[in-house]
1. Among L165, V50, I36, pick out the residue whose Cα is farthest towards the positive end of the charge dipole of the chain, where Lys and Arg carry +1 and Asp and Glu carry -1 on C-beta, about the Cα centre.
2. Which pairs break 32 Å Cα to Cα here: K21/K77; K54/K123; K61/K199?
3. Let me check against my output: what whole-number percent is the relative contact order of the chain, with C-alpha pairs under 8 Å and at least 6 apart?
4. Which label marks the calculated value of Cα Rg over 2.2 N^0.38 Å, given the options (i) 1.28; (ii) 1.03; (iii) 0.95?
5. At a threshold of 8 angstrom on Cα-Cα distance, excluding pairs fewer than six apart, so keeping six or more, what relative contact order does segment 141-231 reach in percent?
6. Using the Cα centre of the chain as origin and beta-carbon charges of +1 (Lys, Arg) and -1 (Asp, Glu), tell me which of G185, A128, G60 is placed farthest towards the positive end of the dipole.
7. Note the full-extension length gain between D208 and E28 as 0.36 nm times their separation in residues minus their Cα-Cα distance, in nm to one decimal.
8. Would you work out the charge dipole size for the chain about its Cα centre, treating the Cβ of every Lys and Arg as +1 and the Cβ of every Asp and Glu as -1, and quote it to the nearest 20 debye?
Amino acid sequence: MPLAQKSTIKDWAKDDRPREKLRLKGGENLSNSELIAILINNGTKQKSAVDIAKNILSLGKNDLNVLGRLSVKELMKVNGVGEAKAITIVAALELGKRRSAEEWLRKPVISDSGSIARYLQTKLSDYAQEVFAVVYLNRANKINHIEIISKGGITGTIADPRIILKKALEEDAVSIIICHNHPSGSLRPSQADLDLTQKIKAAANLFDIRLLDHLIVSQEGYFSFADEQLL
């Protein structure tokens, strides 16, 4: 049998074809490469869609979190992946991230640093630059609103307490949690992080708004100022 025929999914046993396998057995029974193969739909004369999907996963170091941070142009470096396929993959991974975030938000009562940190890890960890976010809470410690205040750094100018507190008053928040990511993976707070925390805490106190925590998140985990008694 010629190579081109061997690598054609249509020639596989019906139960081994990714689309048929998903229909018959459910998505949970497919490998990551099989799921990606469904997204890209077809392969080339030399490689099946599953083979190309394996190459895509290799580009992402076989880690879906890493894969989710790749751009359309980066995915197009894989032979057999054009712009349309790359866009489809990026869109699917973004939907997965949003699903995870929405599932968490169905339980919006904040009881500990770990629960909100895991959500913010999902929301912020894919950014290549530093992002500053604020969680606004009501008297019952339920989330009124979450907003990304700035991107590109974490300084007094970018994370302006006036912007944070103006939004807090608009949202009728009685407490806030501030958060930023460290794309480098380090969870150690800098002196700028410590100074900014105290600046925001002092400003919030003037409006009887409590700063409950400052979280640093990365792919490696999180750091809580409250847990470390740095507030």
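The numbers here are math on the coordinates, done by the rules we state, and not lab data. Note that the structure is predicted; figures quoted are calculated from it, not measured. Cβ coordinates were reconstructed from backbone atoms using ideal geometry, including for glycine residues, and neighbour counts include every protein chain displayed.
1. Of L165, V50, I36, it is V50.
2. From K21/K77; K54/K123; K61/K199, over 32 Å: K61/K199.
3. On the way: 333 pairs, mean separation 30.2, N = 231.
Result for the chain is 13 percent.
4. Identified label for the calculated read-out: (i).
5. Averaging sequence separation for qualifying contacts and normalising by length gives 30 percent for segment 141-231.
6. Of the options given, the answer is G60.
7. Numbers: separation 180, 0.36 × 180 = 64.80 nm, distance 4.86 nm.
Difference between extended and current length: 59.9 nm.
8. 920 debye
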